[in-house]
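Down below is the structure, laid out as structure tokens.
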């Protein structure tokens with residue numbers, strides 16, 4: 001399974017755009033990139049998933065360059081409630097096995 | 001509402017006791033998973049089951065046991081063989097291999 005590297009922590013202010021980059025140099029052909037958000041004492045919540053180029057939904061965008069060795073989660077106009085841990089996962093979702101969660105990136109949003 | 005229910009939210013165990021954590025889902029998902037999370041750490045996979053009556057060990061299965069007798073239920077037993085059971089336990093399920101995992105809100109287990 002591909003190993004991922006994310007910043008341990010990031011700080012931002014309300015209303016700013018936040019970009020969290022994840023490195024996954026040994027990503028395999030069948031691997032997808034998935035991002036989760038976790039609040040204290042809660043289970044992780046799915047944010048977005050992609051394979052290549054750009055994916056956008058109502059809460060975030062995911063940018064994946066052509067070589068797929070990294071990806072960037074973009075959160076537009078963050079608020080205090082976006083303070084959480086964000087996990088980047090890479091794996092073959094069709095294999096049916098669980099994805100590996102690293103330590104994630106702790107995002108702190110201030111007013 | 002459809003979802004994953006873990007109970008209890010908090011659980012205390014005495015030394016030498018087995019305890020069972022409940023995980024129920026009404027999403028009609030085939031696959032279910034158990035993870036353990038320690039403070040400041042990511043999630044580590046304990047066991048997973050892709051269909052009823054079948055399950056596989058994850059990375060840290062020692063000291064744990066599971067059963068999958070029904071599609072909607074995947075209980076986890078923390079046995080006395082697990083020497084450091086204090087942690088946050090998370091259950092997840094997934095409809096199929098193309099869909100992301102959905103998580104419950106966890107059970108926090110502590111040792112008295």
Problem - Elements of type strands (runs of 3 or more DSSP E) contained in region A:51-111, each with 1 or more residues being without any contact (Cβ under 8 Å) to a residue 40 or more places away in the chain and surrounded by fewer than 21 Cβ atoms within 10 Å (Cβ to Cβ) - result: A:53-56, A:61-64
Handout entry: Complete set of residues in region A:18-40 that are within 14 Å of chain B (Cβ to nearest Cβ) and in contact with a strand residue (DSSP E or B) (Cβ under 7 Å, 6 or more places away or on another chain)
Key = A:22, A:31, A:32, A:33, A:34, A:35, A:36, A:37, A:38, A:39
Fill in the blank from the handout: Filtering region B:74-103 down to residues that are crowded, with 17+ Cβ neighbours inside 10 Å and within 28 Å of residue A:30 (Cβ to Cβ) yields B:74, B:90, B:91, B:92, B:93, B:94, B:100, B:101, B:102, B:103
Practice task
Scan region B:3-52 for residues that are in contact (Cβ under 8 Å) with a residue 24 or more places away in the chain and assigned to a strand (DSSP E or B) and report the count.
Solution key: 26
Exercise for the section: Please work out if residue B:48 is more than 14 Å from every other protein chain (Cβ to nearest Cβ) and touching a strand residue (DSSP E or B) at 6+ places or on another chain (Cβ under 9 Å). Expected result: no
Exercise for the section: Check off (1) crowded, with 21+ Cβ neighbours inside 10 Å; (2) within 14 Å of another protein chain (Cβ to nearest Cβ) for residue B:64 and give me the number that stays unchecked. Expected result: (2)
Practice task
Starting from residues that are surrounded by fewer than 20 Cβ atoms within 10 Å (Cβ to Cβ) and in contact with a helix residue (DSSP H, G or I) (Cβ under 8 Å, 6 or more places away or on another chain), keep the ones in region A:13-31 and report whichever is farthest from residue A:71 (Cα to Cα).
Solution key: A:14
Practice task
Give region B:31-43 a look and list any residue that's surrounded by fewer than 16 Cβ atoms within 10 Å (Cβ to Cβ) and within 15 Å of the chain's Cα centre (by Cα), or say none.
Solution key: B:38
Practice task
Scan B:73, B:97 and give me the residue that is farther than 24 Å from residue A:85 by Cβ and either within 11 Å of chain A (Cβ to nearest Cβ) or without any contact (Cβ under 8 Å) to a residue 40 or more places away in the chain (or both).
Solution key: B:97
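Computed from the coordinates by the stated procedures, all read-outs in this text should not be read as laboratory data. Since this is a predicted model, take the numbers as computed values, not measurements. Every residue, glycine among them, receives a Cβ derived from its backbone with ideal geometry; neighbour counts consider all protein chains shown.
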